[in-house]
Amino acid sequence: MKRQTAIFFYLIAGYLVLQFAWWMYHLVDLTTKISAEALQKKQFLMIVGEGSVFFILLLIGFWRIRRSIQKEMLISRQQNNFLLSVTHELKTPLVTNKLYLQTLLKHRDLSQEKQEELLLQAIEENKRLEDLIESILTATYIENERMQLKFEEHNFSDILREIGEDWAEKRMPIQFDIEPNIVLKIDLFIIKTVLHNLLENAYKYAGEDANILVYLKKEKNNVVWGVKDNGKGVDPQSQKYIFNKFIRIGEEETRKHKGTGLGLFIVKSLLQAHGETIVYLPNQPKGSHFKITRKLK
């Protein structure tokens, strides 16, 4: 919804309210002139009562239309950000791989070591492209309710540590606080996707010198796990939106860290299908804390 539409709506709403007030004034004035005293009072109360009800309904209608316009404008901004980010994320690995291939073709005298380095970088960019496509497909499967879960019993403590260590080898060292030998029925794809998304999120917004912690513990009848970091965290006004689709904090044109805005939406949706809940909490003394809870039966 364009800004001009919102301005037009507010002008029309203001005009109707003023016209209603003017109409009420003239109607009451006319009634006082043509009616007897008893009839005048009765008609006056009737006009005021019906007019008040109509006026309240009018205001409620304006309020609901205003909310709809604001929602449409928000969705439009989110979709615009999504298109900008996806265009960038798709274009970057394609352009980079093209550059690597052109380099290999033009400089055939490169050493074997240099050629292997360029090929490995090209493979890494291709993996980045695959991850992006996988995220979009996963979001589509979630919305169409086509996710097929495969629950199997695993030592969740070992699985969580293995996934975290595998990610850390490619990115940066992280810390673990994992209670041993917690056995659960889990879907490995969901756990891996969720933990990778949360770790990538921490890496993006907390920086390469971040202190990232993966934890797991039992609390009464619950299993609680999650990821903490010491970054800037999320401002209070944005916290209630971060699990929505296409939501990324800031403007896409100026935001430092690129992405699709699907990561946390996928995380929350997968965890709901997995029988778990996730909440965002400020970490202490600073940073983000994504806490996941699963009730034990």
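Would you point out which residue out of G164, G226 is modelled with pLDDT of 90 or more, in a strand (DSSP E or B) and closer than 20 Å to L264 by Cβ? Unique residue meeting the criteria: G226. Could you please let me know if P180 is open to solvent by 10 Å² or more (accessible area, probe 1.4 Å), closer than 22 Å to N283 by Cβ and not in a helix (DSSP H, G or I)? Considered against the rule, which asks whether it is open to solvent by 10 Å² or more (accessible area, probe 1.4 Å), closer than 22 Å to N283 by Cβ and not in a helix (DSSP H, G or I), P180 comes out as no.
The values are calculated or read from the model by the stated rules, or taken from the named source; none is laboratory data. Owing to the predicted nature of the structure, the values given are computational and were not obtained by experimental measurement. So basically every Cβ, Gly included, is an ideal-geometry build from the backbone, and we count neighbours across all protein chains shown. The area values use the complete protein model at the heavy-atom level, side chains included, leaving out ligands, DNA and RNA. Shrake-Rupley method; radii C 1.70, N 1.55, O 1.52, S 1.80 Å.
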